[in-house]
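Throughout, read-outs are computed from the coordinates displayed, never taken from laboratory work. Since we're looking at a predicted model, the values are computed, not measured. Counting neighbours? That spans all protein chains shown, and the Cβs are built from the backbone with ideal geometry, glycine included.
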Amino acid sequence: FSENLTDALEKLKLASTDKSSDSVESCLDCLLKALSNNTEASMKIQEMGILLVLSSLLSPQSSYTPKVANIIAEVAKNEFMRSPCVEAGLIPPLIQLLSSSDQEVLLQTGRALGNICYDSHEGRRAVDLAGGAQIVAQHVKALYQNTEPGNQKLLTVFCGMLMNYSNDNDSLQAQLISMGVIPTLVKLLGVHSHNTALTEMCLIAFGNLAELESSKEQFASTNIAEELVRLFQKQTEHEKKEMIFEVLAPLAENDLIKLQLVEAGLVECLLEVVAQTVDGEREEDVSQLKTASDLMVLLLLGGKPSGGAPPPPCSGRTSGGGADGNCIHMVEAGIVQKLLELLDRHVGEGNVTVQHAALSALRNLAIPVVNKSKMLAAGVADVVLKFLPSEMPPVQFKLLGTLRMLIDTQGKQFCAHEI
């Protein structure tokens, strides 16, 4: 094998000088075969200086260009080969190929760039300097409505390339946001929600970008809430739901997006998840129950559900703005009744996670003055008082907090009469 490979590499060196396409093509085929799951072949390519040869073969007009880009993509799967690819000057000619109209050239070029960027500072810097991300983002914007299988594959590769380029790098993620990648990806998700690979790529992208505060304004200007809720409702697999949860959590920290998620029906979805998983004993049921409960609290609170008490989002004012408006809107939307039904099923020996989450949500909904009388009239106090015998400190704490918030500013006579 080693001798055959060395022979093929020598022939490629010779053939590349006169560019005789037949002999180059056969050498490339041999090389691709050798590279399949073989680290040794990549090492040999580096040792014999073939990366420079590949750079000279990356011509937009050449028939074998897709194979050359494919070889680079395979080579760059190995971590130790990414910096040598950059040093051999492969990035500029690869970026040039992004102006091609040939789908296979674009596909293999996207793979090559994505693999070189993966976890490689040098790769990302070279692509950044050559303006590669901008060109790929423009391609995605131009192609997102096309649902042909070949185009979907290309979009998946391009989205993957942008993720590898920006992953764990705030400044490169901010660059993508300033290019307007978020609205394009949200539209893409709407068009291709039936395509598993592309959907997953979008979710990973959203999860990465949503961590940046600067992304929230762009997300809020799209219909991301509707798309994510619609996608969530379709999912049956635990892993897919978890992927969506990971996007929803950072987005739900923004007041405007929070309201959009509530209007899109996320609270109802979460209540359904709670109902389906509350008696489950599998690890994934317990995990989903915890995540759904936490997210429900996050939607109905103004801070993160763990790590100490969140800042009060609803100030007691009756304006419709911010989280205050969210709380008022949610009571009007009938969320209280659903939470009471949930609590009623968990009196006594019920699930503590559910009790804690539902009581937390009710406490927060009771902060705006206009909500208090409505919630008392809905029977919140009666249901909450059923939990007085609980011996769980978190439940007792939330129970008292909910009652205190309900009677706060209502006037002593009214409260005494109600409770």
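Observations on the model:
- Axis angle, to the nearest 10 degrees, between helix 283-300 and the longest C-alpha principal axis of the chain: 70 degrees.
- Taking Leu248, Leu403 and counting other C-beta atoms within 10 Å, the order from fewest to most: Leu403, Leu248
- Spin-label model distance (nm) - Leu14 vs Glu211, 7 Å beyond Cα toward Cβ: 5.2
- Global form of segment 77-125, assessed from the alpha-carbon gyration tensor, a/c cut-off 1.5: prolate
- Rounded to the nearest 10 degrees, the angle from helix 335-344 to the longest Cα principal axis of the chain is 80 degrees.
- A helix-only calculation puts the chain at -22000 deg cm²/dmol for mean residue ellipticity at 222 nm, using -39500 (n - 2.57) for each DSSP H run of at least four residues, averaged over all residues.
- Label-point separation in nm, Gln138 to Glu40, each point 7 Å along Cα→Cβ: 4.5
- P(r) weight above 24 Å for segment 1-100, C-alpha pairs, percent: 12
- The order of Leu289, Leu155, Leu113, going from fewest to most other C-beta atoms within 10 Å of their C-beta, is Leu289, Leu155, Leu113.
- An ellipsoid equivalent to the chain, defined through the eigenvalues of its Cα gyration tensor, has semi-axes of 57, 20, 16 Å when rounded to whole angstrom and sorted largest first.
- A dipole drawn for the chain from +1 and -1 charges on Cβ atoms has a positive end, and of Leu228, Leu212, Val383 the residue lying farthest that way is Val383.
- For segment 30-87, the share of alpha carbon pairs falling in successive 5 Å distance bins from zero is 4, 20, 34, 26, 12, 4, 0 percent.
- Fewest neighbouring Cβ atoms within 10 Å first, the residues Met392, Met405 line up as Met392, Met405.
- Angle in degrees between helix 21-35 and the longest Cα principal axis of the chain, rounded to the nearest 10: 50
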